[in-house]
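Data block below; observations after.
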Amino acid sequence: MQKPIEVCLRHLADEHRELINATVASRAKKLERFVSVLGCHVTVDRPQRAQRSRNRYRVVIRLTAAPNRELVVRFQPADLHGSVVEIVDGAFDAMERRLKEFAAKRGGFIKAHSRGYEPPVDRMVRDVLEDVRAPG
């Protein structure tokens with residue numbers, strides 16, 4: 001990684017900070033298996049309306065990958081019983097899936113539709129119109 005990992009923790013108890021920082025650091029290093037990572041910013045937040053909305057934590061991962069591409073994962077599970085570390089792991093699992101898909105598209109393993117595709121019906125109509133317009 002070219003830039004250090006940035007971790008922003010909002011509205012969390014101090015007892016969770018060291019554990020979250022260690023988890024983020026270890027999981028962020030593993031993301032480099034898929035693409036060249038330029039930078040990673042992780043925000044772990046406990047919304048103030050957590051008691052009413054039943055969502056205890058929210059995690060946002062912003063990752064800048066090698067051809068200057070930013071990938072973002074927003075993870076806020078509906079499960080009430082997960083600890084903050086489990087939720088951070090879930091967010092990084094979602095980012096791994098996104099990176100695998102990104103690497104497959106970039107590597108050409110997933111076909112992108114060419115813009116020059118013309119449906120057969122359009123070709124037939126074009127050919128008929130050319131025959132009608134042709135002097136002859």
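Derivation of every value follows stated rules applied to the coordinates shown; laboratory data play no part. For clarity, every value in this text was computed on a predicted model and none was experimentally measured.
If the chain linking H11 and S36 were pulled fully straight, counting 0.36 nm for each residue of separation and taking away their Cα-Cα distance, it would gain 5.8 nm.
Listed values for the range 10-19 are Karplus-derived 3J(HN,Hα) couplings in whole Hz (6.51 cos²θ - 1.76 cosθ + 1.60, θ = phi - 60°), namely 10, 6, 10, 6, 5, 5, 8, 4, 5, 5, and x replaces Gly and Pro. Extension gain, A134 to A25, is 32.3 nm, computed as 0.36 nm per intervening residue step minus the present C-alpha separation.
Using θ = phi - 60° in the Karplus curve 6.51 cos²θ - 1.76 cosθ + 1.60, the 3J(HN,Hα) couplings for the range 23-38 round to 5, 4, 4, 5, 6, 5, 5, 5, 5, 6, 5, 8, 9, 7, 8, 8 Hz; x is entered for Gly and Pro. Computed from backbone phi, the HN-Hα couplings of the range 97-106 come to 4, 5, 5, 4, 5, 4, 5, 5, 5, 5 Hz, rounded to whole numbers (Karplus: 6.51 cos²θ - 1.76 cosθ + 1.60, θ = phi - 60°; Gly and Pro given as x).
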